[in-house]
1. Based on Cα positions only, what radius of gyration and what Dmax would you give for the range 2-106, in angstroms?
2. What order, most packed first, do the peptides 101-109, 70-78 have when packing is the mean number of other Cβ atoms within 10 Å of each residue?
3. Given the Cα-Cα distance of residue 34 and residue 57 and 0.36 nm per residue of separation, how much length would full extension add, in nm?
4. When the chain is fully extended, how far beyond the present Cα-Cα distance does residue 114 get from residue 7, taking 0.36 nm per residue of separation?
């Protein structure tokens with residue numbers, strides 16, 4: 001029985017060392033896991049040396065209290081390495097999912113921008129409370145008599161604020177100086 005327990009303890013330490021090395025791929029932290037694995041290998045080597053010296057001495061092997069402690073330590077090390085591996089894998093999966101979500105969001109924003117900018121209908125997004133323009137597409141600029149470059153495609157609040165001030169100041173659409181653009185109707 002003591003032989004089996006010695007071999008079990010050694011096997012657990014070697015397994016923990018191998019699993020630690022496998023975590024290099026999962027975490028990308030080579031030096032940390034190599035050092036941990038090397039420490040586990042040295043502990044296993046120490047157990048192997050103790051086992052061989054006891055085996056070659058010809059004495060009856062006994063599994064005393066310190067050997068039980070060593071076995072428990074071996075079990076805990078392997079459990080710890082396995083648990084932390086699962087933790088790092090879940091972090092890696094979350095990073096991949098977050099990256100995919102960001103990519104989908106970027107694609108969605110590009111589609112929205114394309115549909116918004118190229119719509120044949122005029123689209124104007126305004127703040128209901130302040131009655132200020134927030135965003136307008138090319139067609140709404142044409143419909144309201146602005147030059148395409150004046151409001152269309154600009155998300156800059158400063159540009160749109162100038163546009164809003166001009167409407168309030170002059171009572172009509174146009175640039176901040178009160179000029180109307182060619183083709184703009186008088187009100």
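Every read-out reported here was derived from the displayed coordinates using simple, explicitly stated rules and does not represent laboratory data. Bear in mind the structure is a predicted one, so any value in this text is a computation, not a measurement. All Cβ positions, even for glycine, are placed from backbone atoms using ideal geometry, and neighbour counts span all protein chains on display.
1. Final numbers for Rg and Dmax: 18.9, 72 Å.
2. 70-78, 101-109
3. 4.9 nm
4. Length gained, residue 114 through residue 7: 31.8 nm.
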